[in-house]
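Asker: The structure's right below; bear with me while I get my questions together.
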Amino acid sequence: MNYRFLLVILVSLFIFPGLNGQSRAKKFFVTGIVTDANSNPVEGAMILVDNKNTNKQTDKKGFFKVKVQPDAALISVFTPATGIGEAMIDGTAMLKITLRQGEISFKPAGTGSQVSDESVNIGYGSVRRRDLSTPVNRLDVRDVRYASYTNMYDLLKGAVPGVQVSGTKITIQGITSFNLSTEPLFIVDGVEVNSIADIKPIEVESLEVLKGAAASIYGSRGANGVILIKLKSGPDLRR
């Protein structure tokens, strides 16, 4: 009996550590809140884990929840308008990340004062981390200053620096492209569209113009620049 009891103990020592290791190796959820420099929630920000896109975005309250591998170390949050912000995965119940235009809001220990040239995969290919902090032209179209515009072409021509508009032809200045067309890429609420002719400025919440490094997140499709449009929703439609 004593030998059998000893055998059971020995077998348990070999089996249960393995089971514990398996439980520790399970994925887990990381949650957080993303805000801008004025403490307003940031909606639609891309969520990356260890520099890889998760295809997750923040909601209207700036909240995100993403499942990560047990060895995950870094959460990054990105929008073309505000650049990239980061936080270490350290067991904090709710991560808080602030995005400030043109800068990286957190640098892991050991990176020094310079922005790293490490590549970040955000879904359209890999982009240098330095390029993700490139500022872009952004308009809050809800501002009363833009209420007099009746179509998007007049709005772009009259209110956005560096954009040339002739009729319905749009060219973003400073673009050098080998494409026959100079038409930029149009993204409306995250969806690529062929034209913005049917969109009225009164329906638009914000407009962003990307070129160069900032547009590189869209790969070759963004070679002529990118115009991002976010439409109003809910109560904003009445404004």
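The values are calculated or read from the model by the stated rules, or taken from the named source; none is laboratory data. Fair warning: this is a prediction, and the values are worked out from it, not measured in the lab. So basically every Cβ, Gly included, is an ideal-geometry build from the backbone, and we count neighbours across all protein chains shown.
Asker: Basic (K, R), modelled with pLDDT of 60 or more, more than 21 Å from L228 (Cβ to Cβ) and not assigned by TED's automatic domain parsing to the domain that holds E205: is that true of R4 in this structure? Steps first, please.
Answerer: Numbers: basic (K, R): yes; modelled with pLDDT of 60 or more: yes; more than 21 Å from L228 (Cβ to Cβ): yes; not assigned by TED's automatic domain parsing to the domain that holds E205: yes.
So R4 passes the test.
Asker: Residues that are touching a helix residue (DSSP H, G or I) at 6+ places or on another chain (Cβ under 8 Å) and either surrounded by fewer than 15 Cβ atoms within 10 Å (Cβ to Cβ) or modelled with pLDDT under 85 (or both): does the range 31-50 have at least one?
Answerer: First pass over the range 31-50, keeping only residues touching a helix residue (DSSP H, G or I) at 6+ places or on another chain (Cβ under 8 Å): none.
No; the residues of the range 31-50 include none that is touching a helix residue (DSSP H, G or I) at 6+ places or on another chain (Cβ under 8 Å) and either surrounded by fewer than 15 Cβ atoms within 10 Å (Cβ to Cβ) or modelled with pLDDT under 85 (or both).
Asker: Something else now. Which one is nearest to L99 (Cα to Cα) among residues in the range 127-153 that are surrounded by 14 or more Cβ atoms within 10 Å (Cβ to Cβ) and modelled with pLDDT of 90 or more?
Answerer: M152
Asker: Sticking with this one: Against the definition (surrounded by 13 or more Cβ atoms within 10 Å (Cβ to Cβ), at pLDDT 85 or above and small (G, A, S)), how does A81 come out, yes or no?
Answerer: Numbers: surrounded by 13 or more Cβ atoms within 10 Å (Cβ to Cβ): yes; at pLDDT 85 or above: no; small (G, A, S): yes.
Considered against the rule, which asks whether it is surrounded by 13 or more Cβ atoms within 10 Å (Cβ to Cβ), at pLDDT 85 or above and small (G, A, S), A81 comes out as no.
Asker: Of K107, K96, which residue is of a type outside the set (A, V, I, L, M), more than 24 Å from G190 (Cβ to Cβ) and either within 15 Å of the chain's Cα centre (by Cα) or modelled with pLDDT of 85 or more (or both)? Please lay out each step first, then the result.
Answerer: Numbers: K107 fails: either within 15 Å of the chain's Cα centre (by Cα) or modelled with pLDDT of 85 or more (or both).
The conditions single out K96.
Asker: Looking at A223, is it touching a helix residue (DSSP H, G or I) at 6+ places or on another chain (Cβ under 9 Å) and modelled with pLDDT under 85? Let's see the steps before the verdict.
Answerer: Details: touching a helix residue (DSSP H, G or I) at 6+ places or on another chain (Cβ under 9 Å): yes; modelled with pLDDT under 85: yes.
Criteria met by A223.
Asker: Which of the residues belonging to the range 24-52 are in a strand (DSSP E or B), under 15 Å from G83 (Cα atoms) and touching a residue at least 40 places away in the same chain (Cβ under 8 Å)?
Answerer: Within the range 24-52, V34, T35, D36, M46, L48 meet the criteria.
Asker: Also, quick follow-up: Among the residues in the range 197-219, are any modelled with pLDDT of 90 or more, farther than 29 Å from D59 by Cβ, touching a Ser or Thr at 6+ places or on another chain (Cβ under 9 Å) and not assigned by TED's automatic domain parsing to the domain that holds I84?
Answerer: So far as the range 197-219 goes, yes, one or more of its residues are modelled with pLDDT of 90 or more, farther than 29 Å from D59 by Cβ, touching a Ser or Thr at 6+ places or on another chain (Cβ under 9 Å) and not assigned by TED's automatic domain parsing to the domain that holds I84.
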